Each structure stands twice: as C-alpha cells, then as structure tokens.
Amino acid sequence: MRPRAVLFDLDGTLVDTAPDLGYAANRVRADAGLAPLPVADYRPVASAGARGLLKVAFGIDPDHADFPARRESFLAHYRTHLARESRPFDGVERALAAFEQRGIAWGVVTNKPQWLTDPLMVALGLAGRSAVTLGAQEGLKPKPAPDALLMACAALGLKAADCVYVGDDRRDIDAARAAGMPVLAAAWGYVGHGEPIERWGADEILPAPADLLKLCA
C-alpha cells in the first residue's frame, strides 16, 4: 500500500551533510594545530554526530577530559558552516516532488539537535515543504527510542502503520520497529561502519534515492 507519509532521517538519508561535518571537525583540528583529514575519513561516522566525528578527528570518546570542550568547539564551527556544501542526495528532490504531487506528506525525524536541524532545513529550502521536522530536544528520547517517530505521527494525525521511515543507521530501523512503523534502509547513506546493513532487519534495503519512487506506486 502507498504510505500516507514518508519520514526521513536527516544526515546520510535525506541530506549529504558529511562535507560540512568534516569541515567543522577539521576546524577543531586546526584550532589544535593539526592538519585536516580527508572528508572520506569522516563520512562513515557522519550519522554518529560529534561523538563519531571527534573519534575520527582526535581518537577520543565522550569520557575523555578534552571531549566536552572540543564538542562545543565542533558545534560552534558547524553551526556557522552547516550549509556550506551540504545538499540533498542525488535523486532525493525528484522523490520529494513525486510525493508532493501525489499527496504523500513527508517529514524529518532526526537525532540532530533541533537548533541545528531547523536552520539547515531553511538553508536548503526544505523547511516550508516538510510536513513535520523533529530534531533532538529536551525531554524527547532519541532514536532508537520510538518517541520522536510517534510524536511525528501525532503531529500528522496519522497512525504509525500509515507511514514509512527511511534511515541509514541501525538505530533508525530499531526506532521504527518499536513504533510499529514500516522501515526502509538507505544504502546510499553513511552505512560503512558497525553492523552490516543486511542485518538491521529493515523491510527493504534501497540502493539509491531513485528507489523511493516505488512508494508512489
């Protein structure tokens, strides 16, 4: 059945943000007197946020004494440059336009902080088109908890079973499963770390954004 709404993870699913996330991490390295790393080094962990990027940039985890300060520096650099090179993945715009033409709502549910999600969506011209945009915020459990997905459904006035979620991380699949929502794994995203995508338990693996068009059938 055609879904009534398609919900997307943001980083690595709807938008390729790795260039700007990597740029921010490299700015923190520059502040420490270190040379930049290739964006390709950051791409596999881009969905993991500051935790993953600083692990690559400095080899540190959140329990390291330097992590809090470097996280704040990273977020400050990223906020200033969040739409420098970030763009929807090739084929995403065509899919979104097809959803809109067929009356299928679409939206975003992400663990990216709301205060970063909103300006990025505005900068990319997506904010006014998204039926619901939920980022990380106080009092809302992040994925893999289903809370944000269920909140998005409530905002849309839909049941979870009437929607489909698309994500590029195992926690996206786990969150959708917990919400009772069909879920698709985005193989074009930042899937090159952790458990293989075939083991995530998605209803289907989509190789490219063009495959989203089947949801309009």
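The values are calculated or read from the model by the stated rules, or taken from the named source; none is laboratory data. In this text the structure is predicted, and so the values were computed from the model without any measurement. Neighbour counts are summed over all protein chains in view; Cβ atoms, including those assigned to glycine, are modelled from backbone coordinates with ideal geometry. Note: areas computed on protein heavy atoms with side chains; ligands, DNA, RNA excluded. Shrake-Rupley method; radii C 1.70, N 1.55, O 1.52, S 1.80 Å.
For Ala123, state whether it is free of Cβ contacts under 8 Å to residues at least 60 places away in the same chain and open to solvent by 70 Å² or more (accessible area, probe 1.4 Å). Steps first, please.
Values: free of Cβ contacts under 8 Å to residues at least 60 places away in the same chain: yes; open to solvent by 70 Å² or more (accessible area, probe 1.4 Å): no.
The answer is no for Ala123.
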*Mind listing whichever residues of segment 168-181 are out of contact with any helix residue (DSSP H, G or I) (no Cβ under 7 Å at 6 or more places or on another chain), open to solvent by 10 Å² or more (accessible area, probe 1.4 Å) and among the hydrophobic types (A, V, I, L, M, F, W, C)?*
Ala178
_Hits in segment 182-213 - residues which are touching an Asp or Glu at 6+ places or on another chain (Cβ under 9 Å), modelled with pLDDT of 95 or more and open to solvent by 60 Å² or more (accessible area, probe 1.4 Å)_ = Glu204, Ile205
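Residues being touching a residue at least 12 places away in the same chain (Cβ under 8 Å), open to solvent by 20 Å² or more (accessible area, probe 1.4 Å) and of a type outside the set (D, E, K, R): count how many of those fall in segment 21-33. Before the answer, list the steps.
Residues of segment 21-33 touching a residue at least 12 places away in the same chain (Cβ under 8 Å): 21-29, 31-32.
Filter again for open to solvent by 20 Å² or more (accessible area, probe 1.4 Å), leaving 23, 26-27, 29, 31-32.
After this cut, where a residue has to be of a type outside the set (D, E, K, R) as well, the list is 23, 26, 32.
The number of residues fulfilling the criteria is 3.
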_modelled with pLDDT of 95 or more and surrounded by fewer than 16 Cβ atoms within 10 Å (Cβ to Cβ): is that true of Leu116 in this structure?_
no
*Does segment 113-128 contain at least one residue that is touching a strand residue (DSSP E or B) at 6+ places or on another chain (Cβ under 7 Å), within 23 Å of Arg171 (Cβ to Cβ) and in a strand (DSSP E or B)?*
yes
*Quick one: Asp41 ticks every box in (1) in contact with a Lys or Arg (Cβ under 6 Å, 6 or more places away or on another chain); (2) free of Cβ contacts under 8 Å to residues at least 40 places away in the same chain; (3) acidic (Asp, Glu) except a single one, so which number is it?*
(1)
*Every residue from segment 46-65 that is open to solvent by less than 30 Å² (accessible area, probe 1.4 Å) and assigned to a helix (DSSP H, G or I)*: Ala46, Ser47, Ala48, Gly49, Ala50, Gly52, Leu53, Leu54, Ala57
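Given the residues Ala98, Ala57, Ala83, which is the only one that is of a type in the set (Gly, Ala, Ser), more than 17 Å from His193 (Cα to Cα), modelled with pLDDT of 95 or more and more than 16 Å from the chain's Cα centre (by Cα)? Explain how you work it out, then say what you get.
Working: Ala57 fails: more than 17 Å from His193 (Cα to Cα); Ala83 fails: more than 16 Å from the chain's Cα centre (by Cα).
Step by step, each of Ala98, Ala57, Ala83 is checked, and only Ala98 is of a type in the set (Gly, Ala, Ser), more than 17 Å from His193 (Cα to Cα), modelled with pLDDT of 95 or more and more than 16 Å from the chain's Cα centre (by Cα).
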_I'm trying to understand the selection: among the residues of segment 66-94, which are part of a helix (DSSP H, G or I), over 15 Å from Ala25 (Cβ atoms) and among the aliphatic types (A, V, I, L, M)?_
Val92
*For segment 154-175, how many residues meet the condition of being out of contact with any Pro (no Cβ under 7 Å at 6 or more places or on another chain) and free of Cβ contacts under 8 Å to residues at least 60 places away in the same chain?*
8
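Ala97 - would you say it is surrounded by fewer than 18 Cβ atoms within 10 Å (Cβ to Cβ), in a loop (DSSP other than H, G, I, E, B) and either out of contact with any Lys or Arg (no Cβ under 6 Å at 6 or more places or on another chain) or of a type in the set (Lys, Arg) (or both)? Steps first, please.
Details: surrounded by fewer than 18 Cβ atoms within 10 Å (Cβ to Cβ): yes; in a loop (DSSP other than H, G, I, E, B): no; either out of contact with any Lys or Arg (no Cβ under 6 Å at 6 or more places or on another chain) or of a type in the set (Lys, Arg) (or both): yes.
Against the criterion (surrounded by fewer than 18 Cβ atoms within 10 Å (Cβ to Cβ), in a loop (DSSP other than H, G, I, E, B) and either out of contact with any Lys or Arg (no Cβ under 6 Å at 6 or more places or on another chain) or of a type in the set (Lys, Arg) (or both)), Ala97 does not qualify.
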_Within segment 129-150, considering residues that are touching a residue at least 24 places away in the same chain (Cβ under 8 Å) and out of contact with any strand residue (DSSP E or B) (no Cβ under 6 Å at 6 or more places or on another chain), the one nearest to Arg87 (Cα to Cα)_ = Arg129
